[in-house]
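The values are calculated or read from the model by the stated rules, or taken from the named source; none is laboratory data. As the structure is a prediction and not an experimental result, all values here were calculated from the model. All Cβ positions, even for glycine, are placed from backbone atoms using ideal geometry, and neighbour counts span all protein chains on display. When the accessible area is computed, the model is the full protein with side chains, heavy atoms only, and any ligands, DNA or RNA have been set aside. Shrake-Rupley method; radii C 1.70, N 1.55, O 1.52, S 1.80 Å.
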Amino acid sequence: MAVDPWLPRCHRREPQEGHGSLMPSAVAGGGSIAVCTALDAGYLPLVLVVAHSMAASAAPDSHVVFHVLYDGPDSWVVRRIERWRHPQVDIVLHRLPNPFAPIGTINGFPPSTLFRFVVPRLLAELDRVIYLDVDLIVEADLKALFHAPLDGKPIGAAVDVRMVDEALTSHPHRQATRDGTHGYLRDVLGFASAAEMLGCIQAGVTVLDLNQLRELGYEQRMADTMLRLRDLLRFADQCAINTAFRGQIALLDPRWNVLPEALVDDMWDDLAPELTGVVALQRSEPRIIHFAYRKPWRRWGLPGSDRWWLHARRAGLGPYFAWQFLAARATIELSTLRNKLKRSRKAYG
């Protein structure tokens, strides 16, 4: 797939004059911390949770410009985001079609997960940006992450503790998992050894050197990788980045991408020995808590979910996500009941 070099001009929605207008220098980078995400419009409510967490954690001298690329119709949440006002966080909305939509679903993941690959081209005025998924909360000022050294590499990210743990575990009851994930990292993603697998990254929090990525043809490289591997990829965009830029990714401080499991002492008591130091560091000071697999608005009692709900309520979206939680639980209960009925019918003919 050759990515169409033309896209309709995105709609940049600026705060109105007299209401904390965004300075041109801030949009272009300047002294601000540039952050971005790319998503389907249905996930826009999560943008406000992330923005609120960034604002709550910002140091007094920090200013964040949060670029949101979204595909889909405007709605009540767009108007809510447009009204967002905080002296240290500005949200800039860019509405445009996802050029990766023709690729279709990749192993169950919708093409909206690939939208992030247009970031270097669409944010042409920026040299560097932090990319964030929106299923997370920021618990520390982002300045250190934004300025993290990349050692000349185009991407920085933290190790994927869960994936690497599955690949390297020595626990006797997890050998089937080990064999499957170890083989996947070796045969599909190209990590030739256990040492190389320790460089497998979780892509929900990344620092992007946009100039280098433009020179490397990032967007086309990612499109080619997706088309070549398609449903072989377990986690679509994340696995594609790992294989397309294997050896070209700087490992960041793991505290910048902490899964909920790392927050509780007994949830990873059989962790692969190579990762015990990483998880101990994450547990000591989580700077970003990333709900990459289980979502607090769908599942109750996840470690760190109390912090997520605090930000959701303070962003004025507590009732909205409470309804989402109830709807998700009802769907799960209905599915469970249907499966029980099917089993009963089979058992009794």
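For the reader, a short list of remarks on this structure follows.
- When 92, 134, 119 are checked against the criterion of being in contact with a strand residue (DSSP E or B) (Cβ under 7 Å, 6 or more places away or on another chain) and either assigned to a strand (DSSP E or B) or at pLDDT below 95 (or both), a single residue qualifies: 92.
The rows are residues; the columns are (1) touching a helix residue (DSSP H, G or I) at 6+ places or on another chain (Cβ under 6 Å); (2) part of a helix (DSSP H, G or I); (3) more than 15 Å from residue 241 (Cα to Cα).
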site	(1), (2), (3)
144	no, yes, yes
148	no, no, yes
151	no, no, yes
164	yes, yes, yes
175	no, yes, yes
182	yes, yes, yes
185	yes, yes, no
195	no, yes, yes
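- Test result for residue 320, under 18 Å from residue 204 (Cβ atoms), surrounded by fewer than 20 Cβ atoms within 10 Å (Cβ to Cβ), aromatic (Phe, Trp, Tyr) and at pLDDT below 95: no
- Positions within the stretch 169-192 being surrounded by 15 or more Cβ atoms within 10 Å (Cβ to Cβ) and within 24 Å of the chain's Cα centre (by Cα), in sequence order: 181, 182, 184, 185, 186, 188, 189, 191
- Given (1) in contact (Cβ under 8 Å) with a residue 60 or more places away in the chain; (2) in contact with a Lys or Arg (Cβ under 9 Å, 6 or more places away or on another chain); (3) more than 23 Å from residue 308 (Cβ to Cβ); (4) charged (D, E, K, R), number of the condition residue 71 does not satisfy: (1)
- The set of residues from the stretch 153-171 being among the charged types (D, E, K, R) and touching a residue at least 60 places away in the same chain (Cβ under 8 Å) comprises 153, 160, 162, 165.
- Residues of the stretch 96-115 classified as assigned to a loop (DSSP other than H, G, I, E, B) and open to solvent by less than 30 Å² (accessible area, probe 1.4 Å), total: 5
- Positions within the stretch 129-147 being buried (at least 19 other Cβ atoms within 10 Å of the Cβ) and more than 14 Å from the chain's Cα centre (by Cα), in sequence order: 139, 141, 142, 145
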